[in-house]
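Accompanying notes for the structure given below.
The values are calculated or read from the model by the stated rules, or taken from the named source; none is laboratory data. Please read all numbers here as calculations on a predicted model, not as lab measurements. Reconstructed Cβ throughout: ideal geometry from the backbone, glycine too, with neighbour counts over all protein chains shown.
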Amino acid sequence: MKKKDIRQFILSFALALVIYGAFMFAMNSGIINSYWSGILIVACINVVLSTSLNLASGYLGQLTLGHAGFMSVGAYASALCSIYLGTSFIVSLFIGALAAALVGLLIGIPTLRLKGDYLCIITLAFNEIIRIIMLNIGITNGAKGLMGIPMSTNFTIVFFSAVITIYVIYSIVKSRHGRAIISIREDETASELAGIPTSYYKILAFTISAFFAGLAGGLYAHYITILIPKVFDYNKSVEILVMVVLGGLGNLKGSVIAAIVLTILPEYLRAFSDYRMLLYAIVLIAAMIIKEKNLMPHIKEKFSKKKDENKEVAE
Amino acid sequence: MSFLSTIINGLSVGGMYALVAIGYTMVYGIAKMINFAHGEIIMVGAYITYVVFSLMGMPVIVAVLASIIGCALLGVVTEKVAYKPLRNSGSLAVLITAIGVSYLLQNLFLLIFGSAAITFPDFLPKGQIHFLGMSISYVSALSLVLTCICTFLLLLFVNTTKLGKAMRAVSEDKGAAELMGINVNNTISLTFAIGSGIGAVGGVIYGLSYSLINPYLGAMLGIKAFIAAVLGGIGDIKGAMVGGLLIGLAEAFTITYISSTFSDAVVFGILIFILLVKPAGLFGINVREKV
C-alpha cells in the first residue's frame, strides 16, 4: 500500500467512525427515535445490496436479476444456523454469505457464458427456482414463513457491514482485478485478446456480488425475524436494480446515496405509496434515455440559462 | 387425469404460450432486444376485452378486435417512446428500459383496477367437443386452432408479401435494408404492432381458460412464453409455436405426474438446460460473433 492510500484509508475509516458516532449519539439521546433507527438499519442493508449489485451490473456490465435470490439464500442459511445450530450471530452471518457465494459460484460457472439478455433471463429463472425451493422444502416452513429467528441485527452491525462492503468493493474496483472487470464491461472480446481471463473475472465478480447479497440477507433475516419466500421475488431484484441505476451503473457513491434516498424517501411520501412502484418504473426508463441520449448537459444548460435570465431580470 | 387429457391440456396451454412467444420472437428477430414488457401488453389485452365486453356491453367480436388494436397501438407507442431513443445503445440500457416499461404497465393497471382478480367474461359456450373419443373443452380447441391459424397467416405474411420481405431484410441487416429503400422505422413499428396484436389474442385465451385476470398475469405468462421462444430458437416463428406447445406439454405433464408446485421450476429448468446445451434453440442457427 502506498503512503497516499494509507492516508486515504485512515481518513475514510475515521470519517465512518465519526458518522457512526454521530448516529449513535443521536439515537441514544433520542433525536432519532426507534422508528427512524429501524429505517436506518434497512437503509444500511440496502446499501450492502445496491453496492454489491453494482459490482456485477455496473462494473462487470452483466445485468443480473437474481440478486434477491442470493439474498434469500443468505437469509435462510444464516437464519437456520441461528435457530438449529445455535451459532453466534456473526458466524451465522458469515455462513449465510458463504452459502450465497457458493450458490452464486454454482450458478455463475454455467450461466456467465451467456451475455446480456440471456443472462438477465437466466438469473431471473434461478431467482424463481430458489424461491420455489424455499417455498416447498420443509425446513424453511414454506409460505407460512420461518419464525423464531433471534433479533440480533442492530445499527452497529449493519453500519459496519455496509462500511466493509463499500470498502471491499471499492478496493476491488480500484485494483488490477477491478480494471480487468471493467475492461470486460467495455469490450469482452478485446479484453480476452489482451490476455485477461474473462471467465475467471466474471465468475469472481459475480460470486463476490452474491456473497454480499447473502450478507445483506442474513442481516435482514435477523432484523425482521420472520422469513417469507415471497419477499425475495422478482420485484425485490428490480427494486435493488432501481437503486443501482438511479445511483449510476459503475458508481459506488451513487449506489450508496440512491439506496439511502430510496429507503428514506418513501417514508416521507406515505401518501403516495401506491405510486411508488410507478415512480420506480419511470425512473428506470427516464434514467436510461437521459443517459444514453446524453440529455443531461442540455438539461443543465436549460436550468443555468433560467438562472442567468433571473439574474438579468434582477439586475 | 389420463395421459390423453394431459396432452390436450398441455397443447391448449401451450397454444397460449405460442401466441405470446410469437411476439417475443418477432421483436427479437427485428430489434435484437427482449421486449420485457410483452407479458404486460398481453395483460393489457385481457383487460381491454374485459372493459369493452363487460363494462361497455359491446359484442364479443368488437371486444376482441378492440383488444387486438389496443395492444398493437400500445406496442407501437412503447417502441416509439421507450425503445427507439435507445436503438443504438448497449443491450444493458435497452434491457433496463424494457424492465421499466413492464413495471410501469403493471403498476398502472394495479392503480386503475386494483390488485384483486377480476372475473373475465365467459363468452364461449359451456360444454365440450367430442372428437375421436376425446372430449376437448371449447377454450382448448379455440386456443389450438387460433395458434395454428395465427402462425400460418404470419408465416404467409412474412414469406410472401413485400412487407414481410422488408421485415426479413431489416432483421438481417438494418443498415443495408435502409440503403435499399426500406423504411426501417415503419417496419419495426409494424413488427411491434403484429407481435402485440397476436399477444392480445393470447391474453383473451388466458382470460377464457383461467376466467380470472389480475395485473400480475403478464409477468409469469411473459417469462414462460419467452422461454418457449428461446426453446424454439428466438427469431424463428415456427420455433416459437413448437416451443410454446412443448412448454405447455412439459408443464401439463409435471402437474399431472409430479407436483403442481414444481411446474414453474421445471419450465425454468428447461430454459437453463436449453441455454447451456443449445443456446440457439431447436430451430435457431448458431451465429458466430464477428469481431
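Structure summary
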item	result
Qualifying positions in region B:23-59 - assigned to a helix (DSSP H, G or I), closer than 18 Å to residue B:107 by Cβ and aromatic (Phe, Trp, Tyr)	B:47
Residues within region A:93-112 that are surrounded by 20 or more Cβ atoms within 10 Å (Cβ to Cβ) and either touching a Phe, Trp or Tyr at 6+ places or on another chain (Cβ under 7 Å) or of a type in the set (A, V, I, L, M) (or both), tallied	11
Qualifying residue in region B:248-263 (condition: of a type in the set (D, E, K, R) and surrounded by fewer than 21 Cβ atoms within 10 Å (Cβ to Cβ))	no
Answer residue from region A:59-68, given it is under 16 Å from residue A:112 (Cβ atoms) and small (Gly, Ala, Ser) and is farthest from the other protein chains (Cβ to nearest Cβ) among those	A:66
Residue check, residue B:89 among the polar types (S, T, N, Q) and not in a helix (DSSP H, G or I)	yes
Condition check for residue B:160: within 18 Å of residue B:73 (Cα to Cα) and not hydrophobic (A, V, I, L, M, F, W, C)	no
Scope region A:69-82; condition more than 14 Å from chain B (Cβ to nearest Cβ) and either closer than 30 Å to residue A:186 by Cα or in contact (Cβ under 8 Å) with a residue 24 or more places away in the chain (or both); matching residues	A:70, A:71, A:72, A:73, A:74, A:75, A:76, A:77, A:78, A:79, A:80, A:82
Cβ pairs under 9 Å, 6+ apart, first in region A:273-289 and among the acidic types (Asp, Glu), second buried (at least 18 other Cβ atoms within 10 Å of the Cβ) and modelled with pLDDT of 85 or more	A:274/B:107
Test: residue A:55 is closer than 20 Å to residue A:212 by Cα, surrounded by 24 or more Cβ atoms within 10 Å (Cβ to Cβ) and either in contact with a strand residue (DSSP E or B) (Cβ under 7 Å, 6 or more places away or on another chain) or away from chain B (no Cβ under 14 Å) (or both)	yes
Within region A:246-286, tally of residues that are among the hydroxyl-bearing types (Ser, Thr, Tyr) and either within 14 Å of chain B (Cβ to nearest Cβ) or touching an Asp or Glu at 6+ places or on another chain (Cβ under 8 Å) (or both)	3
Residue match in region B:191-213 (condition: within 14 Å of chain A (Cβ to nearest Cβ) and either surrounded by fewer than 24 Cβ atoms within 10 Å (Cβ to Cβ) or outside any loop (DSSP other than H, G, I, E, B) (or both))	no
Top-ranked residue of region A:113-143 - restricted to ones that are more than 10 Å from chain B (Cβ to nearest Cβ) and farther than 28 Å from residue B:34 by Cα, ranked as surrounded by the most Cβ atoms within 10 Å (Cβ to Cβ)	A:134
Candidates B:220, B:241, filtered to the one that is in a helix (DSSP H, G or I), of a type in the set (A, V, I, L, M, F, W, C) and facing another protein chain (nearest Cβ under 10 Å)	B:220
Every residue from region A:144-153 that is under 27 Å from residue A:256 (Cα atoms) and either surrounded by 15 or more Cβ atoms within 10 Å (Cβ to Cβ) or at the interface with another protein chain (Cβ under 10 Å from one of its Cβ atoms) (or both)	A:152, A:153
Qualifying residue in region A:200-218 (condition: crowded, with 23+ Cβ neighbours inside 10 Å, within 10 Å of the chain's Cα centre (by Cα) and of a type in the set (Phe, Trp, Tyr))	yes
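Each row is one residue, and each column tells you yes or no for (1) among the small types (Gly, Ala, Ser); (2) over 30 Å from residue A:87 (Cα atoms); (3) modelled with pLDDT under 80.
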residue	(1), (2), (3)
A:225	no, no, no
A:228	no, no, no
A:245	no, yes, no
A:255	yes, yes, no
A:276	no, yes, yes
A:281	yes, yes, no
A:289	no, yes, no
A:292	no, yes, yes
A:307	no, yes, yes
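Results for (1) at pLDDT 85 or above; (2) touching a Phe, Trp or Tyr at 6+ places or on another chain (Cβ under 7 Å), shown as yes or no for each residue.
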residue: A:4; (1), (2): no, no
residue: A:19; (1), (2): yes, no
residue: A:37; (1), (2): yes, yes
residue: A:43; (1), (2): yes, no
residue: A:48; (1), (2): yes, yes
residue: A:52; (1), (2): yes, yes
residue: A:57; (1), (2): yes, no
residue: A:70; (1), (2): yes, no
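Residue-by-condition table, conditions (1) away from chain A (no Cβ under 14 Å); (2) in contact with a strand residue (DSSP E or B) (Cβ under 9 Å, 6 or more places away or on another chain); (3) among the small types (Gly, Ala, Ser):
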position	(1), (2), (3)
B:60	yes, no, no
B:75	yes, no, yes
B:90	no, no, yes
B:103	no, no, no
B:130	yes, yes, no
B:151	yes, no, no
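This table checks each residue for (1) crowded, with 22+ Cβ neighbours inside 10 Å; (2) under 23 Å from residue A:242 (Cβ atoms); (3) not basic (Lys, Arg).
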position	(1), (2), (3)
B:6	no, no, yes
B:40	yes, yes, yes
B:43	yes, yes, yes
B:46	yes, no, yes
B:69	no, no, yes
B:80	no, no, no
B:94	yes, yes, yes
